[in-house]
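> Just passing along the structure, written as structure tokens.
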Amino acid sequence: MRLGLHLSNFTYADGPGYLARDLGVIAGRAEEVGFDRLSVMDHFWQIHQVGPRENEMLEAYTTLGYLAARTERVRLLTLVTGCVYRSPGLLAKAVTTLDVLSGGRAMLGIGAAWNEEEAVGLGLDFPPTAERFERLEETLQICRQMFDGEDGPFEGDHYRLGRTLNSPLPLSRPRPPILVGGSGEKKTLRLVAKYADACNLFPGPDLAHKLEVLHDHCNEIGRDFDEIEKTVLFNFDLGPNGENASQTVDRLGQLAALGFSVAHGSVRDVATLHPLDIIGSEVIPEIAAY
């Protein structure tokens, strides 16, 4: 099993003037101790699960570009991009640019979006749920077309592109991996089976059931279930002195037994760096064989 560090909180002790420094140090230490990937949210205001909406929030793809320059190995992605926040052609170009400039380390993490408040606040489109899922599917089709170097037109119900030229192409082969986030059984997991290289599920007692649903969708469309990477959200709280490390290892082992190969989430008190060191010394070596 591998771990991903999710950077969702940019309110650090020394304030915005030192945010770039602190973020770069955190990213470098995460890579050093053995994290496999780094992610950021695709939000423009802080979400209520993390803190007040007025707290610091960075635009996702600018941040990932910065992290690409501060790291050498980790994969870089959003958990996850709201499909209606950017036009699909622009999104594919942004991910391609990240992939080229990072040496082939980009992933496209994407979902149907949920935060209507920030969308309305900033004047972004936020259509009804059914339409957002229709747009998500067309966005997946467009991104795959552009990642694959097909430069013909695209005609959908919501998007019409005259020419999907994308030069340079991504360095990742066959394309930057596409991760669809969310656990919805009828729409989201069907889109995973149809288009994605990875899923990201919310933790809970129904994880085994969600994987069964995904397996059924794969069977229906003739997709190999095993070729889809299974990732799960996992918030890391090691305790002040690492007293929760063994419980963390046990829980990760349970997730690996279900079929998950990546656990991805925020680390409590990450800005102190101490919990990253604990994970690197007491967790990552223990789960390497899972």
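The values are calculated or read from the model by the stated rules, or taken from the named source; none is laboratory data. No experiment lies behind these values; they were computed from the predicted model shown. Methodologically, a virtual Cβ is constructed for each residue, glycine included, from the backbone with ideal geometry; neighbour enumeration extends over all protein chains shown.
> Give me the residue from the stretch 118-153 that is surrounded by 14 or more Cβ atoms within 10 Å (Cβ to Cβ) and of a type in the set (V, I, T) and, out of that set, nearest to the chain's Cα centre (by Cα).
Filtering first and then ranking leaves T139.
> So, one more: Residue pairs, Cβ under 7 Å, 6 or more apart or interchain, first in the stretch 30-45 and under 17 Å from S8 (Cα atoms), second of a type in the set (F, W, Y) and in a helix (DSSP H, G or I). List them.
Close Cβ pairs (under 7 Å, with a partner that is of a type in the set (F, W, Y) and in a helix (DSSP H, G or I)) do not exist here.
> I need a count of the residues in the stretch 154-175 that are at pLDDT below 95 and either over 23 Å from the mean Cα position of the chain (by Cα) or of a type outside the set (D, E, K, R) (or both).
Count: 1.
> Checking W45 against (1) exposed (fewer than 13 other Cβ atoms within 10 Å of the Cβ); (2) in contact with an Asp or Glu (Cβ under 7 Å, 6 or more places away or on another chain), which test does it fail?
Condition (1) is where W45 drops out.
> Could you check how many residues of the stretch 177-209 are surrounded by 17 or more Cβ atoms within 10 Å (Cβ to Cβ), within 30 Å of V283 (Cβ to Cβ) and in contact with a helix residue (DSSP H, G or I) (Cβ under 7 Å, 6 or more places away or on another chain)?
Residues flagged as surrounded by 17 or more Cβ atoms within 10 Å (Cβ to Cβ), within 30 Å of V283 (Cβ to Cβ) and in contact with a helix residue (DSSP H, G or I) (Cβ under 7 Å, 6 or more places away or on another chain) within the stretch 177-209 amount to 9.
> Quick check: is even one residue across the stretch 154-163 buried (at least 21 other Cβ atoms within 10 Å of the Cβ) and in contact with a helix residue (DSSP H, G or I) (Cβ under 7 Å, 6 or more places away or on another chain)?
For the stretch 154-163, residues buried (at least 21 other Cβ atoms within 10 Å of the Cβ) and in contact with a helix residue (DSSP H, G or I) (Cβ under 7 Å, 6 or more places away or on another chain): absent.
> Contact list please: Cβ distance under 8 Å, first residue in the stretch 104-115 and among the charged types (D, E, K, R), second residue assigned to a strand (DSSP E or B), pairs at least six apart or on different chains.
R105/R75; R105/L76
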